[in-house]
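Beneath this line is the structure, given in C-alpha coordinates, with notes to follow.
The values are calculated or read from the model by the stated rules, or taken from the named source; none is laboratory data. None of the values given here were measured: they were computed from a predicted structure. Glycine gets a Cβ as well: all are built from the backbone with ideal geometry, and neighbour counts include every protein chain shown.
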Amino acid sequence: MASSCCSRKLLLLGKPLYRVLKRNSLPCSSSMLQRSFISTSTHNKYVLEPSGTISKSEVSRRYCSGSSPLHDALNLYIYRSLLQEDEYHRLANATIHDLLDKLEEYGDSVDIDGFDVDYGNEVLTLKLGSLGTYVINKQTPNRQIWMSSPVSGPSRFDWDQNSQGWVYRRTKANLVKVLEEELEKLCGSAINLS
(Lines give C-alpha, C1' and ligand atoms only; values in the text may rest on other atoms or scores of the structure.)
Protein backbone atom coordinates (compact mmCIF):
# COMPACT_ATOMS: atom_id res chain seq x y z
CA MET A 1 0.00 0.00 0.00
CA ALA A 2 2.78 2.42 0.94
CA SER A 3 4.52 1.52 -2.30
CA SER A 4 1.53 2.49 -4.46
CA CYS A 5 1.03 5.75 -2.54
CA CYS A 6 4.70 6.58 -3.02
CA SER A 7 4.50 5.66 -6.71
CA ARG A 8 1.59 8.07 -7.29
CA LYS A 9 3.49 10.92 -5.62
CA LEU A 10 6.63 10.15 -7.62
CA LEU A 11 4.65 10.20 -10.86
CA LEU A 12 3.94 13.85 -10.16
CA LEU A 13 7.65 14.52 -9.80
CA GLY A 14 8.54 13.35 -13.25
CA LYS A 15 8.62 10.19 -15.29
CA PRO A 16 12.43 9.83 -15.41
CA LEU A 17 12.76 9.92 -11.62
CA TYR A 18 9.71 7.67 -11.23
CA ARG A 19 11.24 5.09 -13.61
CA VAL A 20 14.54 5.09 -11.74
CA LEU A 21 12.90 4.72 -8.34
CA LYS A 22 10.54 2.01 -9.56
CA ARG A 23 13.39 0.10 -11.27
CA ASN A 24 15.52 0.22 -8.12
CA SER A 25 12.54 -0.83 -5.93
CA LEU A 26 13.50 1.42 -3.07
CA PRO A 27 11.32 1.27 0.03
CA CYS A 28 9.72 4.62 0.57
CA SER A 29 6.85 5.96 2.54
CA SER A 30 4.87 9.08 1.78
CA SER A 31 6.05 10.68 5.04
CA MET A 32 9.70 10.08 4.06
CA LEU A 33 9.07 11.63 0.66
CA GLN A 34 7.31 14.65 2.16
CA ARG A 35 10.12 15.23 4.66
CA SER A 36 12.77 14.95 1.95
CA PHE A 37 11.33 17.02 -0.87
CA ILE A 38 8.57 19.36 -1.80
CA SER A 39 7.36 19.63 -5.36
CA THR A 40 6.43 22.82 -7.10
CA SER A 41 4.77 23.36 -10.42
CA THR A 42 6.58 25.50 -12.99
CA HIS A 43 4.89 25.73 -16.38
CA ASN A 44 3.04 22.46 -15.66
CA LYS A 45 6.30 20.60 -14.97
CA TYR A 46 7.12 19.40 -11.50
CA VAL A 47 10.57 20.13 -10.17
CA LEU A 48 12.13 18.63 -7.06
CA GLU A 49 13.39 21.13 -4.55
CA PRO A 50 14.99 20.39 -1.19
CA SER A 51 12.43 20.97 1.54
CA GLY A 52 14.99 22.52 3.84
CA THR A 53 14.84 19.74 6.42
CA ILE A 54 17.37 17.43 4.77
CA SER A 55 20.65 18.45 3.16
CA LYS A 56 21.69 17.24 -0.27
CA SER A 57 24.35 14.97 1.25
CA GLU A 58 21.74 13.45 3.57
CA VAL A 59 19.51 12.77 0.58
CA SER A 60 22.36 10.93 -1.12
CA ARG A 61 23.11 8.87 2.00
CA ARG A 62 19.46 8.16 2.66
CA TYR A 63 18.56 6.90 -0.82
CA CYS A 64 21.72 5.27 -2.09
CA SER A 65 25.36 4.64 -1.48
CA GLY A 66 27.83 5.58 -4.18
CA SER A 67 26.91 6.55 -7.70
CA SER A 68 23.77 5.05 -9.21
CA PRO A 69 21.07 6.05 -11.67
CA LEU A 70 18.95 7.14 -8.68
CA HIS A 71 21.75 9.34 -7.33
CA ASP A 72 22.23 10.93 -10.76
CA ALA A 73 18.48 11.50 -11.20
CA LEU A 74 18.13 13.09 -7.77
CA ASN A 75 21.15 15.32 -8.36
CA LEU A 76 19.81 16.39 -11.75
CA TYR A 77 16.41 17.34 -10.32
CA ILE A 78 17.87 19.09 -7.29
CA TYR A 79 20.41 20.86 -9.48
CA ARG A 80 17.80 22.06 -11.99
CA SER A 81 15.77 23.61 -9.22
CA LEU A 82 18.71 25.86 -8.36
CA LEU A 83 18.98 27.50 -11.79
CA GLN A 84 15.86 29.14 -13.22
CA GLU A 85 15.52 29.42 -16.99
CA ASP A 86 16.06 33.19 -17.22
CA GLU A 87 19.20 32.94 -15.06
CA TYR A 88 20.41 30.00 -17.18
CA HIS A 89 20.03 32.04 -20.38
CA ARG A 90 21.86 35.00 -18.86
CA LEU A 91 24.80 32.87 -17.72
CA ALA A 92 25.00 30.70 -20.84
CA ASN A 93 24.75 33.65 -23.24
CA ALA A 94 27.40 35.59 -21.33
CA THR A 95 29.74 32.58 -21.40
CA ILE A 96 29.28 31.83 -25.08
CA HIS A 97 29.62 35.48 -26.17
CA ASP A 98 32.74 35.88 -24.03
CA LEU A 99 34.21 32.73 -25.61
CA LEU A 100 33.35 34.08 -29.07
CA ASP A 101 35.22 37.35 -28.45
CA LYS A 102 38.28 35.66 -26.98
CA LEU A 103 38.43 32.96 -29.66
CA GLU A 104 38.30 35.61 -32.40
CA GLU A 105 41.24 37.41 -30.75
CA TYR A 106 43.08 34.09 -30.42
CA GLY A 107 42.55 33.39 -34.12
CA ASP A 108 44.41 36.60 -34.96
CA SER A 109 47.42 35.47 -32.92
CA VAL A 110 47.83 31.90 -34.24
CA ASP A 111 48.75 30.78 -37.71
CA ILE A 112 46.40 27.88 -38.47
CA ASP A 113 45.00 27.20 -41.93
CA GLY A 114 41.23 27.03 -41.79
CA PHE A 115 40.84 28.78 -38.40
CA ASP A 116 37.31 30.19 -38.27
CA VAL A 117 34.92 31.15 -35.48
CA ASP A 118 31.20 31.36 -36.22
CA TYR A 119 28.16 32.03 -34.05
CA GLY A 120 24.60 31.55 -35.25
CA ASN A 121 21.35 30.06 -33.93
CA GLU A 122 22.90 29.93 -30.43
CA VAL A 123 25.67 27.61 -31.67
CA LEU A 124 29.35 28.57 -31.46
CA THR A 125 31.50 26.74 -33.99
CA LEU A 126 35.30 26.86 -33.91
CA LYS A 127 36.96 25.35 -36.97
CA LEU A 128 40.64 24.56 -36.74
CA GLY A 129 41.16 23.27 -40.28
CA SER A 130 42.67 19.79 -40.27
CA LEU A 131 42.89 19.84 -36.45
CA GLY A 132 39.13 19.48 -36.04
CA THR A 133 36.03 21.43 -35.07
CA TYR A 134 34.54 22.46 -31.72
CA VAL A 135 30.80 22.98 -31.37
CA ILE A 136 29.45 24.69 -28.25
CA ASN A 137 25.73 25.21 -27.75
CA LYS A 138 23.03 25.74 -25.16
CA GLN A 139 20.70 22.95 -24.06
CA THR A 140 17.89 24.83 -22.33
CA PRO A 141 15.75 21.87 -21.14
CA ASN A 142 18.78 20.47 -19.29
CA ARG A 143 20.14 23.90 -18.21
CA GLN A 144 23.48 22.87 -19.71
CA ILE A 145 26.09 23.93 -22.22
CA TRP A 146 27.13 21.11 -24.50
CA MET A 147 30.51 20.92 -26.18
CA SER A 148 31.72 18.62 -28.91
CA SER A 149 35.51 18.49 -28.98
CA PRO A 150 37.86 16.86 -31.50
CA VAL A 151 40.08 15.96 -28.53
CA SER A 152 37.78 14.90 -25.66
CA GLY A 153 34.52 14.20 -27.50
CA PRO A 154 31.09 15.31 -26.24
CA SER A 155 30.65 16.87 -22.79
CA ARG A 156 27.70 18.39 -20.93
CA PHE A 157 28.46 21.23 -18.56
CA ASP A 158 26.21 22.37 -15.69
CA TRP A 159 26.49 25.72 -13.93
CA ASP A 160 28.28 25.32 -10.60
CA GLN A 161 27.41 28.00 -8.03
CA ASN A 162 30.51 27.31 -5.93
CA SER A 163 33.07 27.77 -8.70
CA GLN A 164 30.92 30.22 -10.69
CA GLY A 165 31.62 28.25 -13.86
CA TRP A 166 30.33 25.52 -16.15
CA VAL A 167 31.42 22.10 -14.84
CA TYR A 168 31.19 18.61 -16.35
CA ARG A 169 29.66 16.62 -13.45
CA ARG A 170 31.34 13.31 -14.33
CA THR A 171 34.91 14.60 -14.31
CA LYS A 172 34.48 17.94 -12.46
CA ALA A 173 36.26 19.58 -15.43
CA ASN A 174 35.59 23.28 -16.06
CA LEU A 175 34.48 24.23 -19.60
CA VAL A 176 36.89 27.17 -19.90
CA LYS A 177 39.86 25.19 -18.54
CA VAL A 178 39.17 22.26 -20.87
CA LEU A 179 39.10 24.59 -23.86
CA GLU A 180 42.28 26.39 -22.77
CA GLU A 181 44.21 23.14 -22.31
CA GLU A 182 43.00 21.52 -25.53
CA LEU A 183 43.54 24.60 -27.70
CA GLU A 184 47.06 25.05 -26.34
CA LYS A 185 47.88 21.42 -27.23
CA LEU A 186 46.28 21.62 -30.66
CA CYS A 187 47.49 25.08 -31.70
CA GLY A 188 50.80 25.26 -29.82
CA SER A 189 49.93 28.64 -28.30
CA ALA A 190 48.52 29.41 -24.85
CA ILE A 191 45.09 31.07 -24.57
CA ASN A 192 43.39 32.71 -21.60
CA LEU A 193 39.60 32.35 -21.81
CA SER A 194 38.76 33.27 -18.22
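Listed conditions (1) under 13 Å from THR95 (Cα atoms); (2) not assigned by TED's automatic domain parsing to the domain that holds HIS97 are all met by ASN192, apart from (1). The set of residues from the range 108-122 being touching a strand residue (DSSP E or B) at 6+ places or on another chain (Cβ under 8 Å) and assigned to a strand (DSSP E or B) comprises PHE115, ASP116, VAL117, ASP118, TYR119. Restricting the range 161-180 to residues that are buried (at least 16 other Cβ atoms within 10 Å of the Cβ) and either modelled with pLDDT under 95 or of a type outside the set (A, V, I, L, M, F, W, C) (or both), which is nearest to LEU91 (Cα to Cα)? Ranking the qualifying residues of the range 161-180, first place goes to GLY165.
On the stretch given as the range 130-155, residues that are out of contact with any Pro (no Cβ under 8 Å at 6 or more places or on another chain) and within 13 Å of VAL176 (Cα to Cα) total 4.
Every condition in (1) free of Cβ contacts under 8 Å to residues at least 24 places away in the same chain; (2) in contact with a helix residue (DSSP H, G or I) (Cβ under 9 Å, 6 or more places away or on another chain); (3) of a type in the set (Asp, Glu) is met by ASP158 except one, and the failing one is (1).
Scoring TYR88 on the criteria (1) within 19 Å of VAL178 (Cβ to Cβ); (2) surrounded by 14 or more Cβ atoms within 10 Å (Cβ to Cβ); (3) within 22 Å of the chain's Cα centre (by Cα) leaves a single failure, condition (1).
Here is a yes/no grid of residues against (1) closer than 25 Å to THR171 by Cα; (2) at pLDDT 95 or above; (3) hydroxyl-bearing (Ser, Thr, Tyr):
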{"site": "ALA94", "(1), (2), (3)": "yes, yes, no"}
{"site": "HIS97", "(1), (2), (3)": "yes, yes, no"}
{"site": "LEU103", "(1), (2), (3)": "yes, yes, no"}
{"site": "ILE112", "(1), (2), (3)": "no, no, no"}
{"site": "GLY132", "(1), (2), (3)": "yes, yes, no"}
{"site": "SER148", "(1), (2), (3)": "yes, yes, yes"}
{"site": "VAL151", "(1), (2), (3)": "yes, yes, no"}
{"site": "PRO154", "(1), (2), (3)": "yes, yes, no"}
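Kindly provide the set of residues from the range 123-149 that are surrounded by fewer than 16 Cβ atoms within 10 Å (Cβ to Cβ) and outside any strand (DSSP E or B), ordered by number. GLY129, SER130, GLY132, THR140, PRO141, ASN142, listed by residue number.
Among LEU186, LEU175, LEU179, which is the only one that is within 21 Å of GLY114 (Cα to Cα) and either among the polar types (S, T, N, Q) or touching a residue at least 60 places away in the same chain (Cβ under 8 Å) (or both)? Just one listed residue meets the conditions, LEU179. Here SER163 meets each of (1) farther than 26 Å from SER109 by Cα; (2) part of a strand (DSSP E or B) with one exception, condition (2).
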